[in-house]
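The values are calculated or read from the model by the stated rules, or taken from the named source; none is laboratory data. Note that the structure is a prediction, hence the values are computed from the model and not measured. Neighbour counts run over all protein chains shown; Cβ positions are idealised from the backbone, glycine included. Accessible surface is based on the protein model in full, side chains and every heavy atom, while ligands, DNA and RNA are left aside. Shrake-Rupley method; radii C 1.70, N 1.55, O 1.52, S 1.80 Å.
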Amino acid sequence: MMNNMPAFIEKEIQTITDIVKPQLKKTSRYLLIAIPLLAISFTNLILLLIVGGWNMDNMFYLGLYALMGAVGIALYKESKHVKKEMQQISMEHIIERINKSEHMNDYAKNEYVQNIKAKPKFGFHTFLTFLTEEDQRRQRIMEN
């Protein structure tokens, strides 16, 4: 993915990746535990209910698989929450990076920040556009 990108973009992506890495690990861990728990519990619950029904012999196992499913759902929801936190952290870094730019004027910086806040799903694309424009301005300054 990053083989064809200019060095200035690669550097910024690496910075964002380093900032978000702890949350990414946490999300991966939660999902790695949640998905098998959900699959095992729901499969066994369904099979147990179809084959065994609601008798007292199966109540312990039904409760156990229901508990496993609840823990799996909780971990899955927590991973979604951590993903939102990751997006928020990366957007804050992007906005901070735009505001720190020395090669862009305040009007252009405000435009980029407003675009990112208005359309967060396209924020990364806007950030890449900003980096490209900033590099072009930096090179024009260096030529003069």
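With a 1.4 Å probe rolled over the protein heavy atoms of all chains, the accessible area of Thr132, Thr43, Thr27 falls in the order Thr43, Thr132, Thr27, largest first.
Each other residue within a Cβ distance under 11 Å of His93 adds +1 if Lys or Arg and -1 if Asp or Glu, for a net charge of -2. Note on Leu49 and Gln139: with the Förster distance fixed at 41 Å, the Cβ-Cβ geometry gives a FRET efficiency of about 0.05. Over the C-alpha atoms of the chain, the Rg to Rh ratio, Rh being the Kirkwood estimate, stands at 1.27. Show log10 I(q)/I(0) for segment 43-115 at q = 0.17, 0.23 Å⁻¹, two decimals, from a solvent-free Debye sum over equal Cα scatterers. Values, matching the q order: -0.75, -0.94. Partner lysines whose Cα lies under 18 Å from the Cα of Lys25, excluding those fewer than 8 positions away in the same chain, are identified as Lys77, Lys80, Lys83, Lys84.
Computed over the chain with a Gaussian network model linking Cα atoms closer than 10 Å, the most mobile of Ile16, Ile50, Ile40 is Ile50. Shown are Val71, Val82, whose ranking by accessible area with a 1.4 Å probe and every protein chain present, most to least, is Val71, Val82.
According to the Kirkwood expression over distinct Cα-Cα pairs, how big is the hydrodynamic radius of segment 84-144, in Å? Kirkwood radius, segment 84-144: 11.9 Å.
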